[in-house]
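Colleague: This structure is in structure tokens; I'll ask about it shortly.
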Amino acid sequence: ETGVTQTPRHLVMGMTNKKSLKCEQHLGHNAMYWYKQSAKKPLELMFVYSLEERVENNSVPSRFSPECPNSSHLFLHLHTLQPEDSALYLCASSPELAGPSTDTQYFGPGTRLTVL
Amino acid sequence: GESVGLHLPTLSVQEGDNSIINCAYSNSASDYFIWYKQESGKGPQFIIDIRSNMDKRQGQRVTVLLNKTVKHLSLQIAATQPGDSAVYFCAEIRSPNSGGGADGLTFGKGTHLIIQP
């Protein structure tokens, strides 16, 4: 185990539903990330938080809304998603913002999301 | 555009043989490279990393080679075991001024390593 947990592991939702993904890290890290992993595509960075402040939003549609209430927890709130949003959503954490002189990211197992 | 990519989507090897997974990158400003392993149903797991001032780094049964002249990265797995079956990603971290996101971390698509008995 990497010390990063995600719930739920699987989620099926309709386009009008509202749901939330949860990530929790038990590593004492200061930076947390949301990634989207679609079939046959590279991991796509969605959001970056450092010390509970959002430092990056990579042109993600507003139907995805992140929340970081403290350095151990990260949420991704979902609303009116599209079928093309179906993917594996991965959470990761690192001691500090990852960079050339610093730290590896530790990934959770992901939430497999299916939008009908 | 600038990207990190893998030459082969699937690699099949015999158990006990050595595996070599390749990765090409296009940004010569990249400072740091990481190999991740992702098993079915799990998130990516760090395997080994290498900085741009090195050309080789060894871990337990794994070796990463970096050829900056041709912008090529490879992961060598010795004596491949069934537990090595997974998708392997390379990732690059670029210099802060070279773009690529808040942390400049860009992933390749991945190579699926299949171990045959």
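The values are calculated or read from the model by the stated rules, or taken from the named source; none is laboratory data. None of these values were measured; they are calculated from a predicted model. No Cβ is skipped: glycine too gets one built from the backbone with ideal geometry, and neighbour counts run over all protein chains shown. Ligands, DNA and RNA are stripped out before the accessible areas are found, and what is left, the full protein with its side chains, is counted by its heavy atoms. Shrake-Rupley method; radii C 1.70, N 1.55, O 1.52, S 1.80 Å.
Colleague: Among the strands (runs of 3 or more DSSP E) confined wholly to the stretch A:16-56, which include 3 or more residues that are more than 11 Å from the chain's Cα centre (by Cα)? Outline the logic, then answer.
Modeller: Working: elements: A:18-25, A:31-37, A:44-50.
Passing ranges, in order: A:18-25.
Colleague: Related question: Restricting attention to the stretch A:57-82, which residues are small (Gly, Ala, Ser), at pLDDT below 90 and within 12 Å of the chain's Cα centre (by Cα)?
Modeller: none
Colleague: Could you check A:PRO69 against (1) over 28 Å from A:LYS40 (Cβ atoms); (2) away from chain B (no Cβ under 14 Å); (3) part of a loop (DSSP other than H, G, I, E, B) and say which number it fails?
Modeller: In the conditions (1) over 28 Å from A:LYS40 (Cβ atoms); (2) away from chain B (no Cβ under 14 Å); (3) part of a loop (DSSP other than H, G, I, E, B), A:PRO69 misses (3) alone.
Conditions tested, residue by residue: (1) part of a strand (DSSP E or B); (2) modelled with pLDDT under 90; (3) farther than 20 Å from A:LEU43 by Cβ.
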site	(1), (2), (3)
B:LYS42	no, yes, no
B:THR80	no, no, yes
B:VAL87	yes, no, no
B:ILE93	yes, yes, no
B:LYS109	no, yes, no
B:HIS112	yes, no, no
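Colleague: Another question, then. Can you pull out the residues in the stretch B:1-12 that are open to solvent by 50 Å² or more (accessible area, probe 1.4 Å) and at pLDDT 85 or above? So that I can check it myself, show each step before the final result.
Modeller: The initial filter retains those residues of the stretch B:1-12 that are open to solvent by 50 Å² or more (accessible area, probe 1.4 Å), namely B:1-3, B:7-10, B:12.
If the condition is that a residue be open to solvent by 50 Å² or more (accessible area, probe 1.4 Å) and at pLDDT 85 or above, then B:THR10, B:SER12 are the ones that fit.
Colleague: Under 6 Å by Cβ, and 6 or more places apart or on different chains, what pairs join a residue from the stretch B:73-94 that is within 13 Å of B:ASN18 (Cα to Cα) and open to solvent by less than 10 Å² (accessible area, probe 1.4 Å) with one that is assigned to a strand (DSSP E or B) and aromatic (Phe, Trp, Tyr)?
Modeller: Cβ pairs passing all conditions: B:LEU75/B:TRP35.
Colleague: Of the residues that make up the stretch B:13-21, is at least one more than 10 Å from every other protein chain (Cβ to nearest Cβ), open to solvent by less than 40 Å² (accessible area, probe 1.4 Å) and modelled with pLDDT under 90? Write out each step before concluding.
Modeller: Filtering the stretch B:13-21 down to residues more than 10 Å from every other protein chain (Cβ to nearest Cβ) leaves B:13-21.
Next, only the ones that are open to solvent by less than 40 Å² (accessible area, probe 1.4 Å) stay: B:13, B:19, B:21.
Still in the list and also modelled with pLDDT under 90: none.
No, the conditions are met nowhere in the stretch B:13-21.
Colleague: Okay, moving on. Here's a check for you: in the stretch A:31-51, which residue that is in contact with a strand residue (DSSP E or B) (Cβ under 9 Å, 6 or more places away or on another chain) and surrounded by fewer than 16 Cβ atoms within 10 Å (Cβ to Cβ) is modelled with the highest pLDDT?
Modeller: Going residue by residue through the stretch A:31-51, those that are in contact with a strand residue (DSSP E or B) (Cβ under 9 Å, 6 or more places away or on another chain) are A:31-39, A:41-51.
Filter once more, so that each one left must be surrounded by fewer than 16 Cβ atoms within 10 Å (Cβ to Cβ): A:38-39, A:41, A:51.
Details: A:SER38: 88, A:ALA39: 80, A:LYS41: 79, A:LEU51: 84.
Result: A:SER38.
Colleague: Going residue by residue through the stretch A:81-88, is there one that turns out to be open to solvent by less than 50 Å² (accessible area, probe 1.4 Å) and assigned to a strand (DSSP E or B)? If you could, list the steps in order and put the result at the bottom.
Modeller: Of all residues in the stretch A:81-88, those open to solvent by less than 50 Å² (accessible area, probe 1.4 Å) come to A:81, A:85-88.
Of the ones still in play, those that are also assigned to a strand (DSSP E or B) are A:87-88.
Yes, there is a match, as at least one residue in the stretch A:81-88 is open to solvent by less than 50 Å² (accessible area, probe 1.4 Å) and assigned to a strand (DSSP E or B).
Colleague: If I filter the stretch B:30-47 down to residues being open to solvent by 10 Å² or more (accessible area, probe 1.4 Å) and farther than 16 Å from A:GLY3 by Cβ, which single residue comes out as nearest to the other protein chains (Cβ to nearest Cβ)?
Modeller: B:ASP31
Colleague: Regarding B:THR69, is this residue surrounded by 15 or more Cβ atoms within 10 Å (Cβ to Cβ), over 15 Å from B:GLY108 (Cβ atoms) and away from chain A (no Cβ under 14 Å)?
Modeller: Values: surrounded by 15 or more Cβ atoms within 10 Å (Cβ to Cβ): no; over 15 Å from B:GLY108 (Cβ atoms): yes; away from chain A (no Cβ under 14 Å): yes.
It is false that B:THR69 is surrounded by 15 or more Cβ atoms within 10 Å (Cβ to Cβ), over 15 Å from B:GLY108 (Cβ atoms) and away from chain A (no Cβ under 14 Å).
Colleague: Can we say B:TYR36 is at pLDDT below 90 and in contact with a Pro (Cβ under 7 Å, 6 or more places away or on another chain)?
Modeller: Details: at pLDDT below 90: no; in contact with a Pro (Cβ under 7 Å, 6 or more places away or on another chain): yes.
In short, no.
Colleague: Select from the stretch B:55-72 the residues that are modelled with pLDDT of 95 or more and among the aliphatic types (A, V, I, L, M) and list them in ascending order.
Modeller: Within the stretch B:55-72, B:VAL62, B:VAL64, B:LEU65, B:LEU66 qualify.
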